[in-house]
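Okay, so here's the structure we're looking at.
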Amino acid sequence: MPTRRDLLILAVLVALAALIPLVTGMRYIVTQATLFFIWAIVVTQWNLVLGVGGIFSLAQMALFAVGAYSTAMLGYYFELPMLLAMPIAALVTVLVSTLVGAACLRLKGPYVALLTLAVAQMLYLLITNDTACFTNPPSGCMPFFGGVRGFTRFGDLGFRELLGGKWYVAHFYVGLFLLALAVLFSLAIIRGPMGLAFQALRDNPGCAMSRGVSKFKYQLWLFALSAFFTGLAGSFYAINFAAIGPTVFSISLLLFLMSMIVVGGIGTIWGPLLGALILMLTDEAMREFGDWRDIGLGLILAGFVIFLPRGLMGLPVARLPRLSGRRRAD
Amino acid sequence: METAAGDDQMEEPLLTCRNVSKHFGALAAVNNLSVKVKAGEVLGIGGPNGAGKTTLFEAISGLNPASSGEIIFQGRDITRLPPDAVCHAGIARTYQLNAGFDSMSVRDNVRVAAYFGRRNRRIPGFRFGSDSDAQVREALELVGLADKGDELTGRLPVVDRKLLMLAGALASNPKLLLMDEPVGGLNPKEIDLVMEVTRRIVGRGITIILIEHVMRFLVQLSDRVLIMHHGEKIYEGSPQGLVHDRNVVDVYLGEGASQRLGALMQQVSA
C-alpha cells in the first residue's frame with residue numbers, strides 16, 4: 001500500500017508539472033515535456049520488471065510498439081475512436097506480454113534477456129520485411145503492419161479540432177495524467193504484497209519459496225501487469241505524433257531508456273523518473289554536438305555503472321528512510 | 001503389502017516417509033529411509049554431521065526433492081511438490097543457518113509467511129489487510145519478539161534470529177513444523193528459552209520434527225528419537241533407550257556423553 005508520504009510527493013510533483021504550460025509559452029518545451037511523460041511511464045514500468053522483479057527483460061520497447069501499433073491499426077482498419085482504441089491496445093499488450101512471459105520466465109537471467117531481445121527483433125523483422133500490399137490506398141501500397149513507413153492518419157483524440165493550434169497543451173495533460181496513474185500503480189506494486197514477495201526472493205530465494213512465495217507466478221503477474229501502462233504509453237505515443245513506424249524498435253532508444261533507470265536508481269520508486277528527466281535534459285544539451293551525443297550518453301551510462309551502480313537514489317543524501325523504493329525497517 | 005496400523009495401533013500418520021532416498025551422484029545422502037510421524041508427536045532426529053538429516057528436511061520441504069521413495073502428508077503424495085505448495089499443504093521449516101530476509105524488518109519477515117504461506121494466492125493483492133497484521137502479531141508474541149517488530153532482521157543477535165525463523169514458520173499456520181538445529185550455537189540460557197518456546201508450540205497441537213546435536217534439548221522435547229548415520233536409520237525409539245543402544249553410543253554419543261545424558265534423564269524424570 002503506498003504510504004501517505006509517497007502520495008504527497010506524487011501530488012506535489014504532478015502539481016508542479018501541471019504549471020509548465022502556464023508559465024511557458026514555448027511549444028517546444030511543452031511537447032518535449034509530453035515526450036518525457038511517455039518515456040517516464042515506460043521506465044517506471046520497466047523498472048518494476050527489471051529492478052523489482054529481477055527479470056532481465058529487453059522486450060519493453062517491443063511491448064510499447066505493440067500498444068502503439070494496435071492503436072494505429074484499430075484506427076486505420078476499423079476506424080475505431082482513439083479513446084476506445086487506447087484501452088484495447090493496452091489489453092492487447094498485456095496479452096502479448098503474458099505470452100512472452102510464459103515463454104521466458106522459467107529461464108535464468110541472461111537467457112531471459114536473449115529471448116526477449118529475440119522476440120523484439122522478430123516483431124521488427126515481421127513489420128519491415130513484409131512488403132506485400134494488404135490495401136492500396138491513394139497514398140500507395142500498404143502492407144498489413146505498415147511496412148517501413150508505418151501508419152499515419154489513423155485518428156486522434158479530437159483536441160486538434162477542439163483547440164486548434166493549442167492541441168499539444170491538451171496532450172501534455174493527458175500524458176501527465178497517464179504518468180500519474182502509472183506511478184500510482186508502481187507504488188502499489190512496490191509497497192504492496194508483490195513488492196514484499198520480490199524482496200523476499202532477492203534476500204533468500206529458498207526461504208521465500210518455503211514461505212509460500214512462488215517465483216514464476218509472481219514474475220508472470222508482474223510482467224503482464226506492467227505491460228498495461230507500457231502499452232498505454234505506446235498507444236498515446238502513436239496518437240500524439242499521429243504516426244508510428246518501426247523506429248521505436250531501435251537499440252539506441254532501448255539503451256537510452258535503460259540508461260534512465262540506471263542513472264536514477266534501479267529498483268527505486270523515484271529513481272527512474274529522476275533518471276528520465278536528467279537524461280532528457282542531457283540529450284537536449286548535447287543536441288548541437290551531432291554524433292558526440294550518442295558517445296556522451298554512452299559515457300554517462302558507463303560512468304554510472306562503474307562508479308554509482310545504484311544510481312542517484314543510491315547516493316547518501318537520497319537514502320532517507322522511505323524515499324527510496326526498497327522497504328526498510330524504519 | 002502394508003499390514004497398516006495393526007500391531008502398534010498407530011492411527012493414520014500425519015507424515016509418512018516410505019523408502020526415501022536422495023542421491024548426489026554416487027553418494028546416497030539419504031538411503032532408503034522410512035519413518036512415520038503421527039499428529040501431535042515430537043520426533044527428534046540426531047546423528048553425526050553428514051548423516052543426511054538436513055537432506056531429509058530438504059526432501060520433505062520440496063527444496064531438493066527425493067530421488068526415490070514417497071513422502072505422504074495427510075494422505076496426499078507431496079514427494080514432487082515445489083516448496084511453495086509444500087508450505088501451503090501445511091509444512092513449515094526453519095533452517096540451520098540464519099535464513100531470513102535480511103533487508104526487511106522483523107515484522108515484514110513474518111508478514112511474508114502470514115500473507116503468502118497460508119494459502120495459494122492465485123491473484124496477487126495490492127494490500128495486506130488487517131487479518132495478516134493480527135497473524136504477524138500473534139506469531140511474534142508466541143516466540144517473544146513482539147517488541148522487536150521494527151528492528152532490521154540483518155542486525156538481530158543469533159538467538160533472536162532463531163526465534164524469528166520460528167515465528168516466520170508459525171505464521172504460515174503449519175500442521176507440521178520442521179526445526180533444523182533450533183539451538184545450534186546458542187548458550188545454555190538461550191537454549192532454555194528456545195526450549196520453552198518449543199513447548200509452547202507443542203502446546204498448540206503442532207507436530208514437530210526437530211534435528212539437534214544438543215542432546216539435552218533433543219531428549220527432553222522428543223517423544224521419540226531417530227538416529228541417522230550415513231543416510232540410514234540406526235535407531236528409532238524412546239529417548240531413554242538411546243543411551244543403552246550400543247550402536248548409537250559407538251557411532252554418535254561416545255561413552256562419556258552417553259553416561260552424562262543417562263544421568264540427566266534420570267534427574268529430569270525424578
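For (1) buried (at least 22 other Cβ atoms within 10 Å of the Cβ); (2) under 30 Å from B:I91 (Cα atoms); (3) touching a strand residue (DSSP E or B) at 6+ places or on another chain (Cβ under 9 Å); (4) modelled with pLDDT under 95, each residue gets a yes or a no:
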position	(1), (2), (3), (4)
A:L162	no, no, no, yes
A:L178	no, no, no, no
A:R202	no, yes, no, yes
A:S235	yes, no, no, no
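For the range B:119-152, the set of residues classified as out of contact with any helix residue (DSSP H, G or I) (no Cβ under 6 Å at 6 or more places or on another chain), in contact (Cβ under 8 Å) with a residue 40 or more places away in the chain and within 7 Å of chain A (Cβ to nearest Cβ) consists of B:D150, B:L152, listed by residue number. Would you point out the residue of the range A:301-330, among those that are within 14 Å of another protein chain (Cβ to nearest Cβ) and surrounded by fewer than 11 Cβ atoms within 10 Å (Cβ to Cβ), that is modelled with the highest pLDDT? Selected residue: A:P321. One residue alone among A:T131, A:T71 is farther than 30 Å from A:P193 by Cβ and either part of a helix (DSSP H, G or I) or in contact with a His (Cβ under 9 Å, 6 or more places away or on another chain) (or both), and that residue is A:T71.
Taking (1) exposed (fewer than 14 other Cβ atoms within 10 Å of the Cβ); (2) among the small types (G, A, S); (3) free of Cβ contacts under 8 Å to residues at least 40 places away in the same chain in turn, B:A85 satisfies each apart from (1). Remark: A:M258 matches the filter, which requires a residue to be closer than 16 Å to A:G54 by Cβ, surrounded by fewer than 24 Cβ atoms within 10 Å (Cβ to Cβ) and assigned by TED's automatic domain parsing to the domain that holds A:W292. The residues of the range B:88-117 that are within 7 Å of chain A (Cβ to nearest Cβ) and either farther than 23 Å from B:L186 by Cβ or in contact with a Lys or Arg (Cβ under 8 Å, 6 or more places away or on another chain) (or both), listed by number, are B:H88, B:G100, B:S103, B:M104, B:S105, B:D108, B:R111, B:V112, B:A113, B:Y115, B:F116, B:G117.
Based on what the data block shows, is A:G231 away from chain B (no Cβ under 14 Å) and in contact with a Ser or Thr (Cβ under 9 Å, 6 or more places away or on another chain)? Outline the logic, then answer.
On the way: away from chain B (no Cβ under 14 Å): yes; in contact with a Ser or Thr (Cβ under 9 Å, 6 or more places away or on another chain): yes.
The answer is yes for A:G231.
Here the helices (runs of 4 or more DSSP H) wholly within the range A:157-220 that include at least 1 residues being aromatic (F, W, Y) and within 25 Å of the chain's Cα centre (by Cα) are A:159-163, A:167-191, A:193-203. Can you confirm whether A:G212 is more than 7 Å from every other protein chain (Cβ to nearest Cβ) and in contact with a Gly (Cβ under 6 Å, 6 or more places away or on another chain)? No. Residue check: B:E138 meets all listed conditions (1) in a helix (DSSP H, G or I); (2) over 30 Å from B:G75 (Cβ atoms); (3) of a type in the set (D, E, K, R) but one, namely (2). B:I227 meets each of the listed conditions (1) part of a helix (DSSP H, G or I); (2) surrounded by 20 or more Cβ atoms within 10 Å (Cβ to Cβ) apart from (1).
Restricting attention to the range A:187-200, does a residue exist that is in the same structural domain as A:M86 (by TED's automatic domain parsing), polar (S, T, N, Q) and closer than 20 Å to A:A89 by Cβ?
Kept after step one, since they are in the same structural domain as A:M86 (by TED's automatic domain parsing), are these residues of the range A:187-200: A:187-200.
Add one more test, that the residue is polar (S, T, N, Q), and what stays is A:199.
Still in the running and closer than 20 Å to A:A89 by Cβ: none.
Within the range A:187-200, not a single residue is in the same structural domain as A:M86 (by TED's automatic domain parsing), polar (S, T, N, Q) and closer than 20 Å to A:A89 by Cβ.
Within the range A:127-142, the set of residues being modelled with pLDDT under 85 and in contact with a strand residue (DSSP E or B) (Cβ under 9 Å, 6 or more places away or on another chain) comprises A:N136, A:S139, A:C141.
I'd like to check something: does the range A:154-167 contain any residue that is at negative phi and facing chain B (nearest Cβ under 10 Å)? Please lay out each step first, then the result.
Of all residues in the range A:154-167, those at negative phi come to A:154, A:156-157, A:159-163, A:165-167.
Filter once more, keeping what is facing chain B (nearest Cβ under 10 Å): none.
So far as the range A:154-167 goes, no, none of its residues is at negative phi and facing chain B (nearest Cβ under 10 Å).
Every condition in (1) in contact (Cβ under 8 Å) with a residue 12 or more places away in the chain; (2) out of contact with any Pro (no Cβ under 8 Å at 6 or more places or on another chain) is met by B:H229 except one, and the failing one is (2).
Inclusion of B:L142 among residues that are aliphatic (A, V, I, L, M) and surrounded by fewer than 22 Cβ atoms within 10 Å (Cβ to Cβ) is warranted.
When the range B:153-182 is filtered for residues that are away from chain A (no Cβ under 11 Å) and either more than 30 Å from B:C17 (Cβ to Cβ) or basic (K, R) (or both), the ones remaining, listed by number, are B:P157, B:V158, B:V159, B:D160, B:R161, B:K162, B:K175.
Please verify whether A:L279 is within 28 Å of A:G314 (Cα to Cα), in the same structural domain as A:G109 (by TED's automatic domain parsing) and buried (at least 20 other Cβ atoms within 10 Å of the Cβ), treating the condition exactly as stated. Don't jump to the end; show me each part of the working.
Values: within 28 Å of A:G314 (Cα to Cα): yes; in the same structural domain as A:G109 (by TED's automatic domain parsing): no; buried (at least 20 other Cβ atoms within 10 Å of the Cβ): yes.
It is false that A:L279 is within 28 Å of A:G314 (Cα to Cα), in the same structural domain as A:G109 (by TED's automatic domain parsing) and buried (at least 20 other Cβ atoms within 10 Å of the Cβ).
Suppose the filter is in the same structural domain as A:Y218 (by TED's automatic domain parsing) and loosely packed, with under 15 Cβ neighbours inside 10 Å; does A:T152 pass it? The answer is no for A:T152.
Table: residues versus (1) modelled with pLDDT of 95 or more; (2) assigned by TED's automatic domain parsing to the domain that holds A:L273; (3) touching a Ser or Thr at 6+ places or on another chain (Cβ under 8 Å).
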site	(1), (2), (3)
A:L35	yes, no, no
A:T44	yes, no, yes
A:S70	yes, no, yes
A:Y77	no, no, no
A:L80	no, no, no
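Checking A:A188, A:A118 one by one, the residue that is surrounded by 18 or more Cβ atoms within 10 Å (Cβ to Cβ) and closer than 30 Å to A:G51 by Cα is A:A188 and no other. Is at least one residue of the range A:281-300 farther than 24 Å from A:I29 by Cα, modelled with pLDDT of 80 or more and in a loop (DSSP other than H, G, I, E, B)? Scanning the range A:281-300, I find no residue that is farther than 24 Å from A:I29 by Cα, modelled with pLDDT of 80 or more and in a loop (DSSP other than H, G, I, E, B), so the answer is no.
Within the range B:46-58, the set of residues being within 13 Å of chain A (Cβ to nearest Cβ) and touching a residue at least 40 places away in the same chain (Cβ under 8 Å) comprises B:T54, B:F57. The number of residues in the range B:61-84 being at negative phi, over 15 Å from the mean Cα position of the chain (by Cα) and more than 8 Å from chain A (Cβ to nearest Cβ) comes to 14. The C-beta contact set for the range A:191-209 (first residue more than 7 Å from every other protein chain (Cβ to nearest Cβ), second residue hydroxyl-bearing (S, T, Y), distance under 7 angstrom, 6+ apart or interchain) comprises A:R191/A:T3; A:F198/A:Y218.
The values are calculated or read from the model by the stated rules, or taken from the named source; none is laboratory data. Remember, it's a predicted structure, so these values are computed and weren't measured experimentally. Because the Cβ atoms are built from the backbone with ideal geometry, glycine has one as well, and the counts that use them run over all protein chains shown.
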